[in-house]
Structure formats: C-alpha cells, structure tokens
Amino acid sequence: MADSPVPVRIRQLSDLLSRHNYRYYVLDDPEISDAEYDRLMLELRELERQHPEFVSEDSPTQRVGATPVESFGVVRHPVPLLSLGNAFDREELIAWHRRVTNLLDGRPFSMVCELKMDGLAVALVYEQGRLARGATRGDGTQGENITQNLRTMKSIPLTLQGDYPPRIEVRGEVYLTKAGFAALNEERARQGLPLYANPRNSAAGSVRQLDPRITAARPLAIYVYGVGWSEGGGEALPRTHWDMMAYCREVGFRVNPLSRRFDDIDTVAAFCESWIQGRHSLPYDADGVVVKVDSLNYQQQLGFVGREPRWAIAYKFPSVQGITKLIDIGVNVGRTGSLNPYAILEPVQVGGVTIRHAALHNEDDIRRKDIRIGDFVIVQRAGEVIPEVVGPVLSRRTGAELVAFSLPDRCPECGAAVVRPEGEAMAYCPNRACPAQGYELLKHFVSRGAMDIEGIGESLCAALLEKGLVGDVADIYALTSEQLESLERMGKKSAANVIDAIQRSRTRPLSNILFALGIRHVGAETAALLVEHLGSLDAIAASSMEALTAIPGIGPKLAESIFDYFHPTDGETESAGILLVDKLRRAGVVLAAEKPVARPTPLAGMEFVFTGRLDRLTRGSAEAMVKRLGARAAGNITKKTTHVVVGEEAGTKAERAAQLGIPQMSENEFLAFIDAARSA
C-alpha cells in the first residue's frame, strides 16, 4: 500500500481489479495471472475489512466477476453464483478450518475436495427433467443465455434420468482438454487464424459463440460441482455434498472422479499439496482444489460473508513465473489525474498467456524493487490473472541498464505540471481539462454504479470525444439521435436506445450522481454517506472542512478532496466542479435527494442471536428481519443479548443462553414474534 491513504488505495485497487475483471470475464483476454489478481483482491479485502466505511457498491469484492456482454439474452440467477475465498498455503487452509470449527461450536465435520477446473462456470436449469436454460455465471447475479450452445455438448444431458424435482439448477465448469486445445490450435494454424492463448480462453470463446454450430465443432466437456437450487420435491434431495454429487451422477451428469471426502484437515491439506505437481499430469488445466464442508445443513448454518460462502475455500496452486526484458516504463493518466506507471515488456508466455504489459503500482514501489529499464525481470502470473513485475534478475545485469525510473514532471497527455500531495504515493495531473482524465471520467460517469447509461461503452466514449460531440460529461445530455447515428457501427435503433438510457439517467439517485462526478477518494459508499448527512448537492458543495470532517467516516484527506472539488483552485475564478454541477442541472439532471422513508423500529434496543439450523428461514433472512425492525443481530451471546432463536442441532450458545437466563424461542415462535411486532 506504500504511503497511500486508505481510500486512495482502495480506489486504485478497485479500478485495477474491475479493469481486469472485464478483460478476463467479458473479453476472455486476460493480461495477468490469477495469483496476482488474488494478491490484489486480498489486499483490497483486508483494507475493506479494516475500514468498512470505505466499501462501495461497485467494489470488486461486492461482486463476482464482470457484466455479461450484450450479444446474448440476459438471465438473472435466482440464487447468485458466488465466488470463493482463497488459501495459498497449508497455514491459511488450517486457519479456515479453525474458523469453521469455531462457527460450528466445535462440532466435527467432513470435507469434500474437488479439483478447481480452469474453465467457464455455467448454470443449467432443468424443468420436468428437460434442459430448459443454460447460462454463464456472468457477474454472479445475472449471466448470458447460452442454452442453444450448451445443448450441442454431448456431456450435458438434455433430459435427466431417475428421480428429480420439477425444477432444479445444476452448476458446473465447461472446459477444453489440453489435447483438444492443441488440436483446435493446429486447425486454426492451418486456416491462418490467430491461435488461442490457453484452454480456458478457448473453452469460454467456444461456448460464447453466436453460431451454435461452432460450439458443436469444439471438443468441450463439463464437470458438475453443485446444485444451486430446486423447487418442488427438493426436500428429498441428499443432505450432504458428497451424496449430492453421487445423485447428480445418477441422474446423468459428469462428476469429477478425482474428488475425495476426508474427516480431518491434515489429510485435506495433504491432498491439496499432492496436486501442486500432480496437476501437470491431468488432461485438463486446474488452478487449485476447492474444499467444501460436506453437510448441507452445516453449509446453510455457516452462511456467507460478503459474496463468499464460509463453508468453502479454494486452495490455489503456487504462482507461475517467467523472465523477460523490461523494454520501457510507460505512464497513463487515470480519471482522477493519477499517473500510473506500467511495464512494457518483451512478449513472454506465462501460464499460457502472452504478457506484454504489467502494472507497476507507483514510483516508490519501482524504486523499492530497484527495477530499471533494460533489466531482465521476473513476471509473475500467480494463480493465473494480472501480471506483476516481481523484481529484477540481478545476476543478469550487465551495467547497461538505465538509471532508476522517475515519473515525468509534466503530464504526458496535456503537459500540465505534475503534483504529488504530501503523504501520498501517487502523483497527479491537476488539469481538470486533461483529455486523458476526460476519457476516463466519461467511462466512469456512464458506468453502472454511477449514471448507468446502457449502450455507452469504452469505444463509444472514445468516439464521442474524438468527434467533438462531448467536451465534458454534461454534454451527454445534449446528444441527439442524429449525432449518434452518424457514428460508425451505430444504427437507428441503437442510437434510440442510448438516448432512452440517457433520459432515464436524469433521475438517478443523488448518491449515484455524486459518485459519478469522479471526485478523488469519493466512492459509492462515501457518496451515500454525504447525501445521508447533508441531503443535497448544494449543501455538500457549500460545506466547510469542519462540517465535512464532523461526518462519521469522513477524515481530513477525504474532506479536503471534497472541499477542493467545489472550490476554486489557483487560476480559477469559479470551481470547475461547480460549473459542471450547474451544467448538469441545466441539462435536466435531478440533483435533489429523496426524503428518507422512516422505518418502523418496534424492536429497538433488542439484540438477537441465532443458533442451530433454521428450516423455514436462512440465517441471513432472519437477521435481516430483525434489523428492519430496529434490532441488532449478533453472532455471539453477550450481556447485550436479549433473545436467542434456537434451531435444530443447536450448540453451546443455547446452553449459555440458558445459564444466563436469556429468553429462547423456536423458529416458529420467532416468526410469530416478528408478525406481532410488525402489526404493533
């Protein structure tokens, strides 16, 4: 993190991870390794854990993966396809086991270990035993409808056999074998077509073809790894993951025969470690081992933290590294003016991906690692996503390497003198009219977490700026259908859809508008906090430093950034931020916050603890019920606990509640209690 303030580093990591999410999940063209991606994600998660006030709704941790492309119909997943937490060594795996054991009050549990396939996750919905829909994971809550393509795969049953519920969703990983990948590339070479980088990209690209005949010609396969949900008759399904996989095999699905079930963490760790080298003998790519709590009742009790299940973890195999020459260090400019150095490399294959560029976090990090232009450097594609320059290979230095890198004194895009705020690791271009900042800000402004203007992506942003149709983000609201239709690849219907999306964005919530302005350090969470306490954009703009720092979660650095945005800087007669806000107002963007709706709080002052398995509710939904009525939901019994809800297989919490004389109730009694509170 170097010396960056927490919100700055969180924003940097969020922007970096979001960019690579897009390349990995949408473009199927990753630039870095999984392990480097995991390292950045771990850093972001840890920062957000320590500083939850800076967690924003658009953070990569709040989400899984990236937005589906628009070439296919969009499918919403009734139960989200979640991501997994990671363990990178035996100690972290044992620490996960210890946490689960504590959450289960010391009760023993079995675990199932499955190879983590490096392919494309899909969800298959069967209705009355027939394949009704197949979709990609997408962003976890919605994906692409690729039913017709999946129907071409012989390893996916079109109809189930035996007994099955009326509706069921089965989840699996579509992959391409190493031999199939080699044969596919040989055929592409004969046809003079570009070669695929690795089997994972080939599988994803094959499944996401608009022409199902292309998918049918590819040697794809699938292994099923879980059941997402079922309706009608689901109570008869097995209650352990191991038995559920046996059930899936019985009704017609392929299940990886290398999966194993163990009763203790030492044998689990040994199994995981055995595949670090053993994976090379597999006929397909695997980047880790997934470890799951076997009991589905325990899985339900353990629940989730954020978007990750507590009951599973991915043991990731060690990083893949390569050595190449650092040709140069480039600098690009972000939407807030940050100068971001990046490595320009001689192309090198690392983990099946050709790497030409790698992120360099900041000037201090480059100097700390003593990276010099001309060096041979170690490039790490750990766990298989974003490339990182680990450091120089000192033994290969010849003395011809250039001196240590220094950031330019002037912005490489607009020539403005670069500034570096005291105490920050990042340097900035202060020119708000910088074209590079304008492009990045425009992309941010139209994004889903901001103004959510569908149809305006990176290429259209670039075209709008290049043709002079927009000079700043407010100019979007002056666009006409005729102007859009004049652009390349923009037809009448597409132009009309964009204009409709622009019109809808005029009434976005004020917190989204504030976030869309791209104020340095202001994420979605901070924007919502400002609106909650100050109520209007005018009030935020007029606030003093003292008023801003008086808001819980707003520190001096963040307050200074907000204050500076709305007040003139050197050489300005009026703040550029105020001018932009006024322009948005004149364009019809609604800048008033809606009045908050008062929530009933009949349970104010109460604190509930839930223990054991609930049959009619999930733990999360039960906790949400009491929170909506003004109570707190806690994980452990303390002197503040007023009620304990006891489900089946309850542990020591129920005993402790009895010892302390805390009232206990069953799930049915709890639901009756909630109904009475709502009607009070």
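No value in this document is a laboratory result; all are computed from the given coordinates. Keep in mind it's a predicted model, so treat the numbers as computed, not measured. Cβ placement follows ideal geometry from the backbone for every residue including glycine, while neighbour counts extend to all protein chains displayed.
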Note on the stretch 607-679: contact order normalised by length, alpha-carbon pairs under 8 Å, 6 or more apart, percent, works out to 37
Express in nm, to one decimal, how much length is gained between E454 and S395 on full extension, taking 0.36 nm for each residue of separation and deducting their alpha carbon distance. 16.1 nm
How do V331, V227 line up, fewest other C-beta atoms within 10 Å first? V331, V227
With label points set 7 Å from each Cα along the Cα-to-Cβ direction at R90 and K325, the distance between them in nm comes to 4.2
With a cut-off of at most 11 other beta carbons within 10 Å, and DSSP calling the residue loop, which trypsin sites (Lys or Arg not before Pro) in the stretch 387-490 qualify? Please list them. R489
In straight Cα distance, which aspartates and glutamates are under 15 Å from K627, not counting same-chain residues fewer than 8 positions off? E607, D675
Among N636, V125, S33, the residue whose Cα sits farthest towards the positive end of the charge dipole of the chain, when +1 is placed on the Cβ of each Lys and Arg and -1 on the Cβ of each Asp and Glu, is V125
Return the unpartnered cysteines for the chain, using a Cβ-Cβ cut-off of under 4.7 Å. C113, C248, C272, C461
Per-pair calculated FRET efficiency, R0 = 60 Å: K178 and E655 via Cβ, rounded to 0.05: 0.65
DSSP bridge pairs, the chain: antiparallel proportion in percent, nearest 5: 85
Which GluC sites (Glu not before Pro) from the stretch 415-501 combine a DSSP loop assignment with at most 14 other Cβ atoms within 10 Å? E422, E488
Assuming R0 = 30 Å, can you tell me the calculated FRET efficiency for the pair R151 and D500, based on Cβ-Cβ distance, to the nearest 0.05? 0.35
What helices does the chain have that are whole DSSP H segments, at least 27 Å long along their own axis by Cα, and with mean Kyte-Doolittle hydropathy of 1.0 or more? none
Kindly flag which residue pairs out of K325/K369; K369/K557; K116/K154; K154/K178; K292/K316 have an alpha-carbon separation exceeding 20 Å in this structure. K369/K557; K116/K154
When the helix-only estimate is applied to the chain (DSSP H runs of n ≥ 4, each -39,500 (n - 2.57), divided by the residue count), what is the mean residue ellipticity at 222 nm, nearest 500 deg cm²/dmol? -10000 deg cm²/dmol
L158 to A604: FRET efficiency via 1/(1 + (r/R0)^6), r the Cβ-Cβ distance, R0 51 Å, to the nearest 0.05? 0.40
Grab the eigenvalues of the alpha-carbon gyration tensor for the stretch 191-312, scale each by 5, take roots, and send me the semi-axes largest first in whole angstrom. 31, 21, 14
From the phi angles alone, apply the Karplus equation (6.51, -1.76, 1.60; θ = phi - 60°) to the stretch 481-487 and give each ³J(HN,Hα) in whole Hz, x where the residue is Gly or Pro. 4, 4, 5, 5, 5, 6, 7
